[in-house]
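Each remark here refers to the structure printed beneath this line.
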Amino acid sequence: QVQLVESGGGLVQAGGSLRLSCLASGLTFSNYAMGWFRQAPGKEREFVAAISRSGGSIWYADSVKGRFTISRDNAKNTVYLQMNSLKAEDTAVYHCAANLSPVGIFDIKKYDYWGQGTQVTVSS
């Protein structure tokens, strides 16, 4: 049974930082590209960042480029999202997801497994 479990969310003031973690189990982690998506109230789920299986390729949404950093540790089956200079508009539930396909890194429909999400709230 595949599980993705996010942690590290919380309430932070604008300009602050948080580090999200996503622990994967039940799959061969190094076979999957990993992504972070977020969903704010009343909005569609949107791409935030993704990292290839080896970590050699990384992609970011324009809205987080320069502020967020995605990384992974295949020995620990974990993907991270370091979020700095947080803004009120970053408030959302953040989900990690696993993608076995070599394509479609930005496409929600291409991801095979999803975590339940962790709430990030940024107060202005």
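The values are calculated or read from the model by the stated rules, or taken from the named source; none is laboratory data. Treat the numbers as computed from the prediction; the structure is a model and nothing was measured. Because the Cβ atoms are built from the backbone with ideal geometry, glycine has one as well, and the counts that use them run over all protein chains shown. When the accessible area is computed, the model is the full protein with side chains, heavy atoms only, and any ligands, DNA or RNA have been set aside. Shrake-Rupley method; radii C 1.70, N 1.55, O 1.52, S 1.80 Å.
Taken over the stretch 79-116, the residue count meeting the criterion of being under 12 Å from the mean Cα position of the chain (by Cα), surrounded by fewer than 18 Cβ atoms within 10 Å (Cβ to Cβ) and hydroxyl-bearing (Ser, Thr, Tyr) is 0.
Quick grid of which residues meet (1) under 17 Å from residue 2 (Cα atoms); (2) not in a strand (DSSP E or B):
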residue	(1), (2)
22	yes, no
44	no, yes
50	no, no
55	no, yes
66	no, yes
72	no, no
101	yes, yes
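Contact map, the stretch 64-89: residues that are touching a residue at least 24 places away in the same chain (Cβ under 8 Å) and among the polar types (S, T, N, Q) paired with residues that are outside any loop (DSSP other than H, G, I, E, B) and open to solvent by less than 40 Å² (accessible area, probe 1.4 Å), Cβ distance under 6 Å, separation 6+ or inter-chain. Pairs shown: 74/29; 77/24; 77/29; 78/21. Mind checking whether some residue in the stretch 82-97 is more than 15 Å from residue 30 (Cα to Cα), in contact with a strand residue (DSSP E or B) (Cβ under 9 Å, 6 or more places away or on another chain) and either of a type in the set (Phe, Trp, Tyr) or modelled with pLDDT under 95 (or both)? So far as the stretch 82-97 goes, yes, one or more of its residues are more than 15 Å from residue 30 (Cα to Cα), in contact with a strand residue (DSSP E or B) (Cβ under 9 Å, 6 or more places away or on another chain) and either of a type in the set (Phe, Trp, Tyr) or modelled with pLDDT under 95 (or both). Is it the case, given these coordinates, that residue 119 is in a strand (DSSP E or B) and exposed (fewer than 14 other Cβ atoms within 10 Å of the Cβ)? Considered against the rule, which asks whether it is in a strand (DSSP E or B) and exposed (fewer than 14 other Cβ atoms within 10 Å of the Cβ), residue 119 comes out as yes.
When the stretch 34-48 is limited to residues that are open to solvent by less than 10 Å² (accessible area, probe 1.4 Å), of a type outside the set (Phe, Trp, Tyr) and under 16 Å from residue 112 (Cα atoms), the one that is farthest from the chain's Cα centre (by Cα) turns out to be 34. Within the option set 71, 54, being hydroxyl-bearing (Ser, Thr, Tyr), in contact with a helix residue (DSSP H, G or I) (Cβ under 8 Å, 6 or more places away or on another chain) and either closer than 13 Å to residue 20 by Cα or open to solvent by 20 Å² or more (accessible area, probe 1.4 Å) (or both) holds for one residue only, 54.
Could we say that residue 109 is more than 24 Å from residue 12 (Cβ to Cβ), of a type outside the set (Phe, Trp, Tyr) and outside any loop (DSSP other than H, G, I, E, B) here? Here the answer is yes, as residue 109 does meet what is asked. Inclusion of residue 30 among residues that are of a type outside the set (A, V, I, L, M), open to solvent by 30 Å² or more (accessible area, probe 1.4 Å) and not in a strand (DSSP E or B) is warranted.
Any idea which residue in the stretch 1-17 is nearest to the chain's Cα centre (by Cα), counting only those that are open to solvent by less than 30 Å² (accessible area, probe 1.4 Å) and farther than 15 Å from residue 97 by Cβ? Among them, the one singled out is 10.
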